[in-house]
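Written below as structure tokens is the structure these notes are about.
The values are calculated or read from the model by the stated rules, or taken from the named source; none is laboratory data. Since the model is a prediction, treat every value here as computed from it, not as a measurement. As a convention, Cβ positions derive from the backbone with ideal geometry for all residues, glycine included, and neighbour counts pool all protein chains shown. Ligands, DNA and RNA are excluded from the accessible area calculation, which covers all protein heavy atoms including side chains. Shrake-Rupley method; radii C 1.70, N 1.55, O 1.52, S 1.80 Å.
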Protein chains: 2
Amino acid sequence: MDADVIVVGGGVIGTAIAWRAARAGLRVTLIDPGGDDPLVDDKASLVAAGMLGPVSESVFGERDLLALNLHAVDRFPSFNAELEAAAGAVTGLRTEGTLAVAYDSGDLAALDRLTDFRHSIGLAAERLDAREVRRREPFLAPGTKGGVFAAGDLSVDNRRYLAALRSAAAAAGVQAVGGTVTAVGAGQVVVRPGGPGPSPSEPRRPAGARPRRLTAGTVVVAAGHATRHLDGVPAQVRGAIRPVKGQILRLRHPGNIPPVLTRTVRAIVQGHDLYLVPRADGELVVGATQEERDDRDVLAGAVHDLLRDAAIAVPAVSELIFAEANAGLRPGTSDNGPILGPVAAAGGRRLIVAAGHFRNGIMLSAVTADAVAAILGGQPPHPAWAPFRPGRFGAPDLPSEAGVPAGGTAAAAATKGETAR
Amino acid sequence: MDADVIVVGGGVIGTAIAWRAARAGLRVTLIDPGGDDPLVDDKASLVAAGMLGPVSESVFGERDLLALNLHAVDRFPSFNAELEAAAGAVTGLRTEGTLAVAYDSGDLAALDRLTDFRHSIGLAAERLDAREVRRREPFLAPGTKGGVFAAGDLSVDNRRYLAALRSAAAAAGVQAVGGTVTAVGAGQVVVRPGGPGPSPSEPRRPAGARPRRLTAGTVVVAAGHATRHLDGVPAQVRGAIRPVKGQILRLRHPGNIPPVLTRTVRAIVQGHDLYLVPRADGELVVGATQEERDDRDVLAGAVHDLLRDAAIAVPAVSELIFAEANAGLRPGTSDNGPILGPVAAAGGRRLIVAAGHFRNGIMLSAVTADAVAAILGGQPPHPAWAPFRPGRFGAPDLPSEAGVPAGGTAAAAATKGETAR
């Protein structure tokens, strides 16, 4: 076999899984179109804002997802501290919390419901009047009517975080292979060589390069929205994943302007859910659109709307430098929850899916890595993952230990040298 | 001497001059921070829209500049044809004219004045009612009240045009040298090696590289706004040049959308002078801001305003792909006119300035190259250039033949081999 574990996809999910698996003593190969460079290709991880807020409009009524998110945010700081130590790099974790602001009485009422809800599940939430909101964030528009401060919310610089995961993975011995996986099976993948091309459907590749087959005890598919294109993933899982386009801006402070925000701000502006996420290095991320589309074109109208909404919330945003406009495809699912667990097993080898993290990939990356590490070790993942097994979509519902050779887990087997080439 | 002519600056002005001088048989060196690659550095040429309209709001009352512009547009097509043949490349010249549109009766009255003015100087101008305007450009907003069609206006793809000039220059024997000129004199320049850095004030350069002196019969300064930083250019000329920042967008048509415009459209939107310039390859240039500033930061507010104004004029613009936002520094002058002529002469060698072309660099490039070629040949340039001599700012007002050795012009001297190394 070429490895104990092959991970398909080098976004935050796949890379976190690869790092933790290698750290557990397994031989891990990570396959990604970008090869050694995590900061290329169409990864949703690169387009994210990096907010880690367990409660948002979208999970208000989704108790199972909320429980998972709470578990994720609880776990994140320790995982991140270990990551920074392993990578020798910072990820830009910020702990100043989130300020949700309101512009009218309807918004305020919605924020009150959110405050009550946060309190009901034991999360901090502090109702602030207009004056207090602007005292904390003086650049907010004068029309701000009030807000709620959520002290426990975190944020992380998504690109630094991904780069740190890759460094930690490399330091732990993960082998990065450049290529596009076209098919997977229990313990095997077919890889088409070559890096990212002008579009995901046209990868750049060496002339004459032929697809090759790699084998491993376990294959983990962490290919985000592209999981739906992978031959060998059960049809029910493929069918449950849908791309949800997001367009996002990155602004930068010129030297003469102090930070316009000191913490993440969320608002509903003209009916759009807007967020503004500041970084320590002076970047301000403005997001995001959400469209049920499968292209990554940044449209003039989206850039306009984001800039308009941001300037309504924080007028001084107009004075910031326009650094970047990007679009990514979030891996949405039929029920907005991630998909995690074994989906195929044969001859002591298996196929695991860890995909569909939708808007929550960075927040869920640490606990996803934990969960896959548990499965690789023959253990069940944390109970918060139970509702998110592939079987809920009608795919084969294998137990966590499916495919593990009798008499030992994959990790144990690796330790014994039974999976040596 | 290192060359017959050294041209400082590889934008459209400097490159056109270098090409025509080389074509006249002179040995020409072109010095530019980008070296062989014209499409780098902070050239205003790269940020332009490439409109060639001799009449605009800004030259309405400036008769001398208007006369020069008319001469320029008259000359451009033949120059361009020769260029395309010499370069073996197209420049994207478009001849569909300009449509100026109005949104209210004030705008219409202003357009009527412009129409009368165009007629008074013998230019075509056709008044169109709202229906006819939208028949010709169906994607214009329904609120368009009417417009004027200027049949003679041209446009060219500024980047293709610059690339073609560089190809033609290279084919004619122009030697491109990478570096930043820090000082000039009659027949000499001081060059600091190295290409463009993160900013014009911090060029990237090989460690330990030292400035060197190059000599020539004639030095031509075509350094745009940076001419004001050049030691050796007379203080009065340096003081007359000011940077005028312009921010501009480049949009692109997705495959499923037909061209939203078939010709250049101009409008006053919310008090801003807006233009939309379509290219044959599906690009649409949207411009431009105009600020008396010396930085090249693209600001969020400017991007927002351009997108808003463009969508007011042509709502379908929102569906186009946001390809690029850029800023450049136009070389403005105290009286908005270019500066062309000799400014220093000593020992049979001289210094010529060809700068300050403000918003009209591409339009004026052909006739600027003609004028400098004339001066190099000991002839006076076209009479339309007479009002634009450096002397009008109080600089030494040298005759066109200043610095030419007795008994022959520089071109003649070159032919005789008198300027050989």
Could we say that B:ALA369 is within 14 Å of chain A (Cβ to nearest Cβ), buried (at least 21 other Cβ atoms within 10 Å of the Cβ), within 24 Å of B:LEU154 (Cα to Cα) and of a type in the set (A, V, I, L, M) here? no
Quick one: which of A:ARG252, A:ARG210, A:ARG266, A:ARG308 is in contact with a Gly (Cβ under 7 Å, 6 or more places away or on another chain) and farther than 24 Å from A:ILE375 by Cα? A:ARG252
Condition first: in contact with a Ser or Thr (Cβ under 9 Å, 6 or more places away or on another chain), β-branched (Val, Ile, Thr), free of Cβ contacts under 8 Å to residues at least 40 places away in the same chain and under 30 Å from B:GLY287 (Cα atoms). Can you find one or more residues in the range B:132-148 that meet it? yes
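How many residues are outside any helix (DSSP H, G or I) and either closer than 14 Å to B:LEU299 by Cα or within 8 Å of chain B (Cβ to nearest Cβ) (or both) when one looks only at the range A:303-325?
First, pick out the residues of the range A:303-325 that are outside any helix (DSSP H, G or I): A:314, A:320-325.
Restricting the remaining residues to those that are either closer than 14 Å to B:LEU299 by Cα or within 8 Å of chain B (Cβ to nearest Cβ) (or both) gives A:320-325.
Residues meeting the conditions: 6.
Out of A:ALA280, A:ALA267, I need the residue that is open to solvent by less than 10 Å² (accessible area, probe 1.4 Å), under 24 Å from the mean Cα position of the chain (by Cα) and away from chain B (no Cβ under 14 Å). Which one? Don't jump to the end; show me each part of the working.
Details: A:ALA280 fails: open to solvent by less than 10 Å² (accessible area, probe 1.4 Å).
When all the criteria are applied, what remains is A:ALA267.
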Matching entry among A:ARG213, A:ARG166, A:ARG250, A:ARG228 (being in a helix (DSSP H, G or I), at pLDDT 95 or above and surrounded by fewer than 24 Cβ atoms within 10 Å (Cβ to Cβ)): A:ARG228
Do we find that B:VAL47 is within 26 Å of B:ASN336 (Cα to Cα), buried (at least 21 other Cβ atoms within 10 Å of the Cβ) and touching a Gly at 6+ places or on another chain (Cβ under 7 Å) in this structure? yes
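Looking at the range B:280-325 only, could you name the residues that are touching a residue at least 40 places away in the same chain (Cβ under 8 Å), of a type in the set (Val, Ile, Thr) and within 17 Å of B:VAL269 (Cα to Cα)? Spell out how you get there, then give the answer.
Taking the range B:280-325 first, the residues touching a residue at least 40 places away in the same chain (Cβ under 8 Å) are B:280-281, B:283, B:285, B:287-296, B:298-299, B:302-303, B:306-307, B:309-310, B:312-317, B:319-325.
Then keep just the ones that are of a type in the set (Val, Ile, Thr); that gives B:285, B:289, B:298, B:303, B:312, B:314, B:317, B:321.
If the condition is that a residue be touching a residue at least 40 places away in the same chain (Cβ under 8 Å), of a type in the set (Val, Ile, Thr) and within 17 Å of B:VAL269 (Cα to Cα), then B:VAL285, B:THR289, B:VAL303, B:ILE312, B:VAL314, B:VAL317 are the ones that fit.
Kindly evaluate B:ALA402 against the criterion of being within 19 Å of B:LEU26 (Cα to Cα) and open to solvent by less than 40 Å² (accessible area, probe 1.4 Å).
Numbers: within 19 Å of B:LEU26 (Cα to Cα): yes; open to solvent by less than 40 Å² (accessible area, probe 1.4 Å): yes.
Criteria met by B:ALA402.
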Restricting attention to the range B:339-374, and to residues there that are among the small types (Gly, Ala, Ser) and assigned to a strand (DSSP E or B), which single residue is farthest from B:ASP41 (Cα to Cα)? B:ALA346
Go through the range A:263-277 residue by residue and tally those that are out of contact with any Phe, Trp or Tyr (no Cβ under 8 Å at 6 or more places or on another chain) and in contact (Cβ under 8 Å) with a residue 40 or more places away in the chain. 6
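Considering only residues that are under 21 Å from A:PRO315 (Cβ atoms) and within 12 Å of chain A (Cβ to nearest Cβ), look in the range B:290-302 and name the one that is most open to solvent (accessible area, probe 1.4 Å). Quick ask: steps written out before the conclusion?
So in the range B:290-302, the residues under 21 Å from A:PRO315 (Cβ atoms) come out as B:291, B:293, B:295, B:297-302.
Now drop any that are not within 12 Å of chain A (Cβ to nearest Cβ), which leaves B:293, B:295, B:297-302.
Values: B:ARG293: 113, B:ASP295: 31, B:ASP297: 50, B:VAL298: 17, B:LEU299: 28, B:ALA300: 3, B:GLY301: 12, B:ALA302: 12 Å².
Result: B:ARG293.
Condition test on A:ASN80, is it open to solvent by less than 30 Å² (accessible area, probe 1.4 Å) and more than 30 Å from A:ILE257 (Cβ to Cβ)? Let's see the steps before the verdict.
Values: open to solvent by less than 30 Å² (accessible area, probe 1.4 Å): yes; more than 30 Å from A:ILE257 (Cβ to Cβ): no.
No, not satisfied.
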Checking B:ARG359 against (1) modelled with pLDDT of 95 or more; (2) surrounded by 20 or more Cβ atoms within 10 Å (Cβ to Cβ); (3) closer than 21 Å to B:GLY50 by Cβ, only one condition comes out false. Which one? (1)
Six or more apart or on different chains, Cβ atoms under 6 Å: show the pairs whose first residue is in the range A:61-76 and among the charged types (D, E, K, R) and whose second is surrounded by fewer than 19 Cβ atoms within 10 Å (Cβ to Cβ). A:ASP64/A:PRO387
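When you scan the range B:154-161, do you find a residue that is assigned to a helix (DSSP H, G or I), touching a residue at least 12 places away in the same chain (Cβ under 8 Å) and open to solvent by 10 Å² or more (accessible area, probe 1.4 Å), even just one? Walk me through how you get there before you give the answer.
Applying the first criterion (assigned to a helix (DSSP H, G or I)) to the range B:154-161 yields B:158-161.
Next cut, touching a residue at least 12 places away in the same chain (Cβ under 8 Å) only: B:158-161.
Imposing the further condition that a residue be open to solvent by 10 Å² or more (accessible area, probe 1.4 Å) reduces the set to B:159-160.
Yes: one or more hits.
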Within the range B:231-261, track down each residue that is without any contact (Cβ under 8 Å) to a residue 40 or more places away in the chain and within 14 Å of another protein chain (Cβ to nearest Cβ). B:GLY255, B:ASN256
Every pair of residues 6+ apart whose Cβ atoms lie under 6 Å, when the first sits in the range A:169-180 and is among the hydroxyl-bearing types (Ser, Thr, Tyr) while the second is at pLDDT below 95 and not in a strand (DSSP E or B): A:THR180/A:PRO33; A:THR180/A:PRO203
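Would you call A:ASN336 more than 14 Å from chain B (Cβ to nearest Cβ), open to solvent by 30 Å² or more (accessible area, probe 1.4 Å) and not in a helix (DSSP H, G or I)? Show your work before the answer.
On the way: more than 14 Å from chain B (Cβ to nearest Cβ): yes; open to solvent by 30 Å² or more (accessible area, probe 1.4 Å): yes; not in a helix (DSSP H, G or I): yes.
When the stated conditions are applied, A:ASN336 passes them.
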Taking the condition of being at pLDDT 90 or above, assigned to a helix (DSSP H, G or I) and either at positive phi or more than 14 Å from the chain's Cα centre (by Cα) (or both), how many residues in the range B:25-79 meet it? 11
Working carefully through the options A:ILE257, A:ILE268, find the one that is of a type in the set (Val, Ile, Thr), closer than 20 Å to B:ARG296 by Cα and outside any helix (DSSP H, G or I). A:ILE257
A:ASP273 passes all but one of the listed conditions (1) within 18 Å of the chain's Cα centre (by Cα); (2) of a type outside the set (Gly, Ala, Ser); (3) open to solvent by 20 Å² or more (accessible area, probe 1.4 Å); (4) more than 14 Å from chain B (Cβ to nearest Cβ); the exception is number (1)
For the condition over 18 Å from B:ALA150 (Cα atoms), open to solvent by 30 Å² or more (accessible area, probe 1.4 Å) and in a helix (DSSP H, G or I), what is the one hit in B:ALA86, B:ALA109, B:ALA18, B:ALA22? B:ALA86
